[in-house]
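The values are calculated or read from the model by the stated rules, or taken from the named source; none is laboratory data. Bear in mind the structure is a predicted one, so any value in this text is a computation, not a measurement. Here the Cβ is made from the backbone with ideal geometry for all residues, glycine too, and neighbour counts use every protein chain on show.
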Amino acid sequence: MTGETTLRGWKAIPKLDGGGLLLGHFSEYNGGMWQFLQRAYAEGGPIVRFRLAQNDMVLISGPEASEAFFRAPEDQLSNREAYKKSQTPVFGPGIIFDVPLETHMEQLQMMVGALKPQALRRYGDQIAAETRRAVADWGEEGEVDFLDFMGQLALYASARTLLGQSFRDDTTDEFAALYHDLEAGVNPLSYLFPNLPLPVFRRRDRARERLVELIGRMATRRRTSGEPGDDMLQGLIEARYQDGRALDDEEIVGLLLFLLFAGHHSTSVATTWTMIELLRHPGYLARVEAERVHLQNDHATEGYADLLRGAEQLNRGIQESLRLHPPLIMMMRKVMRPFRYGGYEIPVGKFVVQSPAVGHFLKEVWEDPERFDPDRFGPDRREDDNPFAFTAFGGGKHKCIGMNFAYIQMKVILSTLFSQFEFEIGEDEYEPARDSLIIAPVQPCRIRYRRRRAA
Ligand code: HEM
């Protein structure tokens, strides 16, 4: 670790060892973000700086640092400036990161409007139907790669809840392939050089153009037909800016892609990890199962999402899986005004980083942090008492607006599956593939199922 002298009495931020002259620590980071961030914390402590090509980054860790990070005003630590470069080619110009702050906040509010509790209940039932459809052709017993299964189910569920039944029914392999190309275009390299003339970025651009065409056509049809839908598209068609202006088709497509993007992969990976962790811990799974049976017997007539609101054991199982396997391991902000924290000053133009891959494993916050132990979130222990300790969904004003929806999806999918089948883990590794942006289990990750006999 190397330090430096600073001006005006601010302490020098320790610099992480290693890194080349030209690209700094980029090669190591690109080879495995998770290991890199953990090394940075292990060697640098609660504040440490490193360089990714031309960008100077400062990783700050611990609940207090996270609070300062998430609570900093937008004109000091900006998320738009941090993500604009990599995300604008995906969602298009004039969307979310590529707009002034007021428009950004208004667009976020419009998406929040499409995720109101009443709508979530409806989506919950739609997702239950999708899940039943996904397993309709399963036999009495068999084996599936659960990550593949979830990727597909979550994509269909997203298509249904975002764009309605007819779009979902016409969702062709083309839609899945386009989405795949778009997603592949967001990688560690895209944060630095999003427009390099590489095939992966060319495919991303072509996919966006085609998706704009497909979804834009749907939006126009819906507008002109005047027939309301029961999906998020409808919420966005009805949304208005404060000056009364409606969103145009380009904006609607951009926001829908943003929602699809924010929700799809993170939810499918988180559901996969929850399934794996529950199967690895049969004692805890038995509690989740007893709760499911009890809830279903007691509230047989209610909607599915409502029913699952009270599923505390499942809730904690999901939260603990998210703690151990946070899908998004690095949040970034660009410093627009000097950011001062703990006697350190981070100058304008640098990037500040917060990472659940570090914060979720701090020994001073979590008891035996490597252990799967959902009771840590129970009323007796409340290890997540500090709202900035568990940051799988971020925090502050940019906290995930899809969090409740994500929980509903995960609970509905898992409960629907468990009500029809018993599952068993196989001999695969089920280890995290720690070289990607969203950390899924290494494939294959097969699990076995057996249809339950009617009681
Ligand atoms: C397990 C699933 C999910 C996880 C772990 C997750 C995680 C996160 C995190 C960490 C952030 C904050 C990023 C930052 O501060 O830089 C975020 C923001 C966001 N998420 Fe999620 N998310 C999930 C599901 C969803 C779903 C299902 C949706 C919508 C359908 C969604 C929509 C959003 C949006 C729109 C934002 C941006 C909020 C803002 O910038 O103010 N997310 N999510």
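Mind checking whether some residue in region 414-435 is assigned by TED's automatic domain parsing to the domain that holds Glu320, surrounded by 14 or more Cβ atoms within 10 Å (Cβ to Cβ) and free of Cβ contacts under 8 Å to residues at least 24 places away in the same chain? Among the residues of region 414-435, at least one is assigned by TED's automatic domain parsing to the domain that holds Glu320, surrounded by 14 or more Cβ atoms within 10 Å (Cβ to Cβ) and free of Cβ contacts under 8 Å to residues at least 24 places away in the same chain, which makes the answer yes. Answer with yes or no whether Val112 is within 13 Å of the ligand (Cβ to nearest atom), within 19 Å of Gln242 (Cα to Cα) and over 20 Å from the mean Cα position of the chain (by Cα). Against the criterion (within 13 Å of the ligand (Cβ to nearest atom), within 19 Å of Gln242 (Cα to Cα) and over 20 Å from the mean Cα position of the chain (by Cα)), Val112 does not qualify.
In this structure, Leu257 does satisfy being surrounded by 16 or more Cβ atoms within 10 Å (Cβ to Cβ) and closer than 23 Å to Leu155 by Cβ. Within region 267-293, the residues that satisfy the criterion of being of a type in the set (Lys, Arg) and more than 11 Å from Phe372 (Cβ to Cβ) are Arg287, Arg292. The condition (being without any contact (Cβ under 8 Å) to a residue 24 or more places away in the chain, surrounded by fewer than 20 Cβ atoms within 10 Å (Cβ to Cβ), under 18 Å from Leu163 (Cα atoms) and outside the structural domain of Trp366 (by TED's automatic domain parsing)) is satisfied by just one residue among Pro282, Pro228: Pro228. Tell me yes or no: at least one residue of region 243-261 is in a helix (DSSP H, G or I), over 30 Å from Arg221 (Cβ atoms) and out of contact with any Cys (no Cβ under 8 Å at 6 or more places or on another chain). The answer is no, given that none of the residues of region 243-261 is in a helix (DSSP H, G or I), over 30 Å from Arg221 (Cβ atoms) and out of contact with any Cys (no Cβ under 8 Å at 6 or more places or on another chain).
Look through Asn315, Asn404 and report the one residue that is closer than 20 Å to Thr271 by Cα, outside any loop (DSSP other than H, G, I, E, B) and within 12 Å of the ligand (Cβ to nearest atom). Only one candidate passes the filter, namely Asn404. Residues of region 21-60 that are over 21 Å from Ser436 (Cα atoms), crowded, with 20+ Cβ neighbours inside 10 Å and modelled with pLDDT of 95 or more: Ile47, Val48, Arg49, Ile60. The set of residues in region 139-163 that are touching a Lys or Arg at 6+ places or on another chain (Cβ under 8 Å) and within 15 Å of the ligand (Cβ to nearest atom) comprises Tyr156, Ala159, Arg160.
Taking the condition of a type in the set (Phe, Trp, Tyr), closer than 28 Å to Ala406 by Cα and more than 16 Å from the ligand (Cβ to nearest atom), does Tyr241 pass? So Tyr241 passes the test. The residues listed here are Val112, Val99; of these, the one that is part of a helix (DSSP H, G or I), farther than 19 Å from His265 by Cβ, aliphatic (A, V, I, L, M) and assigned by TED's automatic domain parsing to the domain that holds Leu414 is Val112.
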